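For reference, the structure discussed in these notes is given below.
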Amino acid sequence: MSLPQPPALAKAGGLILAPLEFPPLRVLIVDDNADAADSLGTLLGMVGFVTRVCYDAESAAASVETFRPEACVLDVSMPGTDGCELARSLRAREGGREMLLVAVTALGGDAARERTAWAGFDLHLTKPADPQQLADALFAFERKLRVN
């Protein structure tokens, strides 16, 4: 039996198509840059994900209880609790091991990648992150989650 391919593999007019055969993936976006967070939330919503945007780790931690994200896209360098601390706390929660965690940061060196890996991130993207790469990762995770 052939499984449906993730729609990110099939583009129409330059837009990524959302999967119709799966319930939409819930994605929490956390970035202290409100414009960046809102833009990413809008973009991911346009391609079919259900998104919630927070501008700091504290409001994100509270939002997890009600939104129940399946994936989180976290800025690493935030004032107060940074993205790595938030990632570790998310992993420690019930169901946190199954969540997809994506670091989006201006820091791209080996030390930064080691730090995000140690914090429990599944993927490290350097700003400006390629939206297609992020969407492909989210679609692939969604497909794995929904099909398996």
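We did not get these values from a lab; they are worked out from the coordinates using the rules stated. Source: prediction; values computed, not measured. Cβ: placed from backbone, ideal geometry, glycine included. Neighbour counts: every protein chain shown.
Tell me the label-point distance for the pair residue 130, residue 43, using the 7 Å Cα-to-Cβ offset, in nm and rounded to one decimal.
1.3
How would you rank 54, 72, going from fewest to most other Cβ atoms within 10 Å of each one's own Cβ?
Starting with the residue having the fewest Cβ neighbours, the order is 54, 72.
Give me the Kirkwood hydrodynamic radius of segment 23-147, using the inverse of the mean 1/r over all pairs of distinct Cα atoms, in Å to one decimal.
Taking every pair of different Cα atoms in segment 23-147, averaging 1/r and inverting gives 14.2 Å.
Output ³J(HN,Hα) for segment 133-143: one whole-Hz value per residue in order, computed from phi by the Karplus curve 6.51 cos²θ - 1.76 cosθ + 1.60 with θ = phi - 60°, and x for Gly and Pro.
The phi angles translate into 5, 5, 4, 4, 5, 5, 5, 5, 5, 4, 4 Hz.
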